[in-house]
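The values are calculated or read from the model by the stated rules, or taken from the named source; none is laboratory data. The structure displayed is predicted, hence computed values, not measured ones. Note: ideal-geometry Cβ built from the backbone for every residue, glycine included; neighbour counts use all protein chains shown.
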Amino acid sequence: MKQPGKSDLSEYGQLIAVGAAIGLGEAAGMSIRVGESLYADTQQHVSWNPLIMAINLGTGDLDWTGAATGGAITLTVGTGVAVAGSVWAWKATCRKCSQLWSDRKASAGKSRRRKADRHPVDAQARYMARGKELVDLGHAATAAKAQTLKVRLAADDAPGVLIGETIADGARLYGSYEDLHLDIWGPRQGKSTSRVIPAIMDAPGAVVATSNKRDVVDATRGPRARKGTVRVFDPQGIAGSVDPNFYWNPLDWVLADQFGAQERAAELAGHFADAGEADNRDAFFDPEGEDLLAGLFLAAALAKEPITKVFEWVTKVDDRRPIEILSGNGYPLLAGAMSDQYYAPDRQRGGVFSTAKKMASCLKYERIRPWVCAPTVGEAPREAFDAAEFVKSHDTLYPLSKEGKGTSSPLITAMCAAVAREAEIEGTFHGGRLPTPMLMVLDEAANIVRWRDLPKQYSHFGSRGVVVMTVLQSWAQGVRCWGLEGMQALLSAANVLVLGSGLRDSGFLRDMSELVGQHYELSTSVSRSAKNGEKSTSTSRITEITLHASDIAALPRGRALVFTSGHRPTLARCVPWMERDCAEEVRASIDTYDPAHSSPRGASPRLHVVRDDEEGISA
């Protein structure tokens, strides 16, 4: 794109010069053309000066001829054309000058905003990765990588997940569709506006986005509904959901794999077991309770019972029906293990069943039942969510939960894990990876997505076309969820680590400061001789820490420290959705779905499944 400058002004001057030359040329040639016409019939003396020629015609010293009439008509038409051309040139020049003035005002305004957005920490960006070092994270290189991976993208799809703009030179950095992200931001520091919402808006395929608030749902569900079906899985009513239009029965997913049903039942039980704090696990009763729960899940699935039946079974230790179901369906070993638990000494049996009851406690809440059970006779029909079909689509799923009594986090975790497993299976039919990548944004992961095996599976997701972005509020939060080794494994598996503002984990920040490293600076010292007073100057090269732990802790809002595989760290400016092309779409979605914008005070709109041909929310 041409930059406004002298070349533009020169172009405008050329337009004016051309118009003026045409007008002057026609005026100067008037007498010549008329004179030639007069001479065509007689040998009259005709002056080249138009004024003298007009006086001679008035006094009769010069005769007007018929040929002169034709010349005058030609001259008049030509002069009119010349005048019109001059007017056009003048108007074009005015328009271009006006545009130049507007562009310069906009450029000056942007420059002022950049200056106002500068922070002291930005000075350290010159010692970090920039320029050619990061060219393979740019738009062109990321798009080329998407082609290499044979990713199916529409013409207007983003080549990858935008990370931010480098402070050093303003270049935009992208994570490719095989990169995995780990974001650690303090509370209320803009992670949703700068990372979560833009990533969802740019996602080319299916999206799973967890949260404990409704803000991300309100901001993105409108635009995502134009790409596919939107489902809000909200058993706790966080987003104002009351009556669901769909349900997800985990037991249907257990039986979807005929030869792996027992393993899936064990995985489902693990998600329920992990909902509690890891520090409170008992070495005997927790594993036993988890095993009991796995057997009950499988029995309920085989008997076509609703998942809520499992909670009923763990409260009735004398009901031996689950053992009969397993034994009658080809699981004698599992039935034997469960029988041993049922016939254990009273205290031992009571401890195992109480532990399993605690793990399955969310199933006792009536408000959760319609979200996980098929409709009964007399209830309104509800669509069953199929994870296998979801991963092939451009649909969006928002699983919502929050901590506290009645939390549905075990179901949220199980749902996310089920979708990820189906994406992995679908990828095997396309050379090992999904042709159109699926995005999973696990916001508030340590609180509502206590996925035990997430650190182990993280690197595997990237090779399957599943882009995972795990968002935490602190390093300690992740350690509390996965343990120190698990959190370190998650950190090592992430290709893109983004540290936002508001962090206070001093030990972790010291480690990050060490990874940023040091840089060289020139130090000048001046000394004066005690004998003669002569002054001498010496210069030496010293090393300085680029970013101290305190500098990272003091990052201002809008700045992020970015670590990417194979590159030195870089300091980046976050790009919130308000500064992107999707801004109007996001604002319109917020205006439609946010109760503060769309409903009278006190009213809470009911969120439901939105299909391609639907708009708005139901009353």
Review point. So is Ala239 at pLDDT 95 or above and either assigned by TED's automatic domain parsing to the domain that holds Leu434 or among the β-branched types (Val, Ile, Thr) (or both) or not?
Key: no
Exercise for review: For Ala418, indicate whether it is outside any loop (DSSP other than H, G, I, E, B) and over 28 Å from Ala300 (Cβ atoms).
Suggested key: no
**Study point:** Residues located in the stretch 120-175, provided they are β-branched (Val, Ile, Thr) and at pLDDT 90 or above
**Key:** Val135, Thr142, Thr148, Val151, Val161, Ile163, Thr166, Ile167
Check your understanding: How many residues are out of contact with any Cys (no Cβ under 9 Å at 6 or more places or on another chain) and either outside the structural domain of Ser393 (by TED's automatic domain parsing) or modelled with pLDDT of 95 or more (or both) if we restrict to the stretch 186-202?
Key -> 3
Check your understanding: When you look at Asp551, is it among the charged types (D, E, K, R), touching a residue at least 12 places away in the same chain (Cβ under 8 Å), in the same structural domain as Asn447 (by TED's automatic domain parsing) and outside any strand (DSSP E or B), yes or no?
Key -> yes
Check your understanding: Which of (1) under 30 Å from Lys132 (Cβ atoms); (2) out of contact with any Phe, Trp or Tyr (no Cβ under 6 Å at 6 or more places or on another chain) does Pro569 not meet, given it meets every other one?
Key -> (2)
Practice item. Determine whether the stretch 317-326 contains at least one residue that is without any contact (Cβ under 8 Å) to a residue 60 or more places away in the chain and under 42 Å from the mean Cα position of the chain (by Cα). Key: no
Exercise for review: With the condition kept exactly as written, say whether any residue in the stretch 413-430 is aromatic (Phe, Trp, Tyr) and in contact (Cβ under 8 Å) with a residue 60 or more places away in the chain.
Suggested key: no
Study note, to complete from the structure: By residue number, the members of the stretch 421-434 that are crowded, with 17+ Cβ neighbours inside 10 Å and in a loop (DSSP other than H, G, I, E, B) are Arg433, Leu434
Point to revise | Which numbered condition Glu584 fails, given (1) surrounded by 12 or more Cβ atoms within 10 Å (Cβ to Cβ); (2) out of contact with any strand residue (DSSP E or B) (no Cβ under 9 Å at 6 or more places or on another chain); (3) modelled with pLDDT of 80 or more | key: (1)
Revision key, fill the gap. Counting only residues that are out of contact with any Leu (no Cβ under 7 Å at 6 or more places or on another chain) and within 11 Å of Arg573 (Cα to Cα), the stretch 151-187 contains a total of 4
Practice item. Out of Asp169, Asp183, Asp218, report the one residue that is acidic (Asp, Glu), surrounded by fewer than 21 Cβ atoms within 10 Å (Cβ to Cβ) and touching a residue at least 24 places away in the same chain (Cβ under 8 Å). Key: Asp169
Check your understanding: Where residues in the stretch 146-161 are in contact with a Gly (Cβ under 8 Å, 6 or more places away or on another chain) and not in a loop (DSSP other than H, G, I, E, B), which of them is surrounded by the fewest Cβ atoms within 10 Å (Cβ to Cβ)?
Key -> Ala146
Check your understanding: Tally time: how many residues in the stretch 375-424 are touching a strand residue (DSSP E or B) at 6+ places or on another chain (Cβ under 7 Å), over 13 Å from Met440 (Cα atoms) and among the small types (Gly, Ala, Ser)?
Key -> 1
Check your understanding: If we only count strands (runs of 3 or more DSSP E) wholly inside the stretch 172-286, which ones have 1 or more residues that are under 24 Å from Arg452 (Cα atoms)?
Key -> 181-184, 207-210, 230-233
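Conditions tested, residue by residue: (1) at pLDDT 95 or above; (2) touching a helix residue (DSSP H, G or I) at 6+ places or on another chain (Cβ under 7 Å); (3) in a loop (DSSP other than H, G, I, E, B); (4) surrounded by fewer than 19 Cβ atoms within 10 Å (Cβ to Cβ).
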| position | (1), (2), (3), (4) |
| --- | --- |
| Gly295 | yes, yes, no, no |
| Val310 | yes, yes, no, no |
| Pro322 | yes, yes, no, no |
| Gly330 | no, no, yes, yes |
| Glu366 | no, no, yes, yes |
| Pro375 | no, no, yes, yes |
| Ala380 | no, no, yes, yes |
| Glu403 | no, yes, yes, yes |
| Thr407 | no, yes, yes, no |
